[in-house]
Every structure is written in C-alpha cells, then in structure tokens.
Amino acid sequence: MKVILLKDVKGKGKKDAILEVSDGYANNYLIKNNLAVPYSKRSKEILDKEIDIREKNEQKIIDELNEIKKKLDDTVIEFKVKVGKEDRVFGTISSKQISDKLKEMGYKIDKKCIKINEAISSLGITKVVIELHKKVKFNLNVKLVK
C-alpha cells in the first residue's frame with residue numbers, strides 16, 4: 001500500500017515522503033496513529049500545495065533575515081571589560097552577552113544562532129559567525145576594550 005507520511009517515522013522516512021509499505025503496517029500503525037494518509041491523486045495534490053506554500057513562506061523568512069544580515073554584516077559591537085596585569089581579560093564574552101547586546105540595538109537574535117569558534121578573551125576584534133538560517137550566515141565583529 002502506498003502512503004504519504006505526515007510526520008517523520010524512525011526507520012521509514014521523513015515527513016512528506018511517499019512510501020510503499022505492507023497493508024497491515026499502513027492501516028494498523030501509520031494511519032491509525034495519524035503518521036500517514038493513504039496515497040491517492042487527491043492526497044498527492046494536497047501534499048504538493050502544502051509543499052509549495054511552505055517554500056513560499058520559507059522564502060519570505062529568508063528575505064526578512066537577509067535584511068537583518070545587510071544591516072549587521074561586519075558590524076562591530078563593543079564590550080568594556082576588566083583587565084589585569086599585561087592586559088589579560090577577566091573571563092570571556094559569551095553568546096548570551098552578544099545576544100543581549102544585539103537586543104539593546106533592536107535585533108532579536110537567539111544565542112543559539114551565534115557561533116563562537118574560539119573563546120573571546122583577549123582585547124581587540126574577534127570575528128563571530130551568526131547563522132540565522134541554513135542559507136543566511138554573516139560575520140559580526142566583537143571588540144573588547146579596557
């Protein structure tokens with residue numbers, strides 16, 4: 001029996017996949033638990049419409065995120081830090097602190113989107129990658145000053 005998956009099913013496939021499975025498995029597990037619907041011309045048409053709508057919505061989101069990228073790409077944000085002997089910084093700057101600073105500037109960017117490759121624990125400028133979406137990445141410069 002051919003079915004269209006409504007959700008990811010471990011070991012079988014991802015959402016929206018069209019699979020050929022046994023009748024018993026389809027009826028007694030997949031369809032009964034709302035994990036799949038039987039394949040038909042009508043269900044295929046509905047699936048195609050949903051995928052099209054999702055792609056349009058995703059493109060809208062990507063466009064909005066690209067606007068944020070244009071405004072923030074290679075921007076420098078500055079942090080005042082305490083230093084000890086030989087200009088050693090006490091502690092490091094975290095993704096949470098960067099996120100909070102961006103919120104103050106009017107940009108709501110989750111700390112999980114901020115990728116710090118090396119600890120920000122020395123005076124000067126450090127590049128940080130911000131990944132808003134799989135297709136939208138940019139660099140932000142974090143500057144530490146006394």
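When restricted to residues that are over 14 Å from Ser95 (Cα atoms) and without any contact (Cβ under 8 Å) to a residue 60 or more places away in the chain, region 111-136 contains 5.
Scan region 101-123 and give yes if some residue there is in a helix (DSSP H, G or I), of a type outside the set (Lys, Arg) and over 18 Å from the mean Cα position of the chain (by Cα), otherwise no. So far as region 101-123 goes, yes, one or more of its residues are in a helix (DSSP H, G or I), of a type outside the set (Lys, Arg) and over 18 Å from the mean Cα position of the chain (by Cα). The sole residue among Arg42, Arg54 that is under 27 Å from the mean Cα position of the chain (by Cα) and not hydroxyl-bearing (Ser, Thr, Tyr) is Arg54. Of the residues making up region 14-49, those that are part of a helix (DSSP H, G or I), surrounded by 10 or more Cβ atoms within 10 Å (Cβ to Cβ) and either touching a Leu at 6+ places or on another chain (Cβ under 8 Å) or in contact (Cβ under 8 Å) with a residue 12 or more places away in the chain (or both) are Ala26, Asn27, Tyr29, Leu30, Ile31, Ser43, Lys44, Leu47.
Outside the structural domain of Asn117 (by TED's automatic domain parsing) and either within 25 Å of Val128 (Cβ to Cβ) or over 19 Å from the mean Cα position of the chain (by Cα) (or both), is that true of Gly91? Judged against the criteria, Gly91 is not a match. Of all residues in region 124-146, those being touching a helix residue (DSSP H, G or I) at 6+ places or on another chain (Cβ under 8 Å) and outside any strand (DSSP E or B) number 2.
Does Lys56 satisfy the condition of being part of a helix (DSSP H, G or I) and either more than 29 Å from Val142 (Cα to Cα) or hydroxyl-bearing (Ser, Thr, Tyr) (or both)? Judged against the criteria, Lys56 is a match. Is it the case that some residue within region 79-88 is assigned by TED's automatic domain parsing to the domain that holds Ala119 and on the phi > 0 side of the Ramachandran plot? Taking every residue of region 79-88 in turn, at least one turns out to be assigned by TED's automatic domain parsing to the domain that holds Ala119 and on the phi > 0 side of the Ramachandran plot. Of all residues assigned to region 71-94, none qualifies as being at pLDDT 90 or above, surrounded by 15 or more Cβ atoms within 10 Å (Cβ to Cβ) and assigned to a loop (DSSP other than H, G, I, E, B).
The values are calculated or read from the model by the stated rules, or taken from the named source; none is laboratory data. Computed from a prediction, not measured in an experiment: that's the story for all the values here. In this analysis, Cβ positions are derived from the backbone assuming ideal geometry, glycine residues included, and neighbour counts consider all displayed protein chains.
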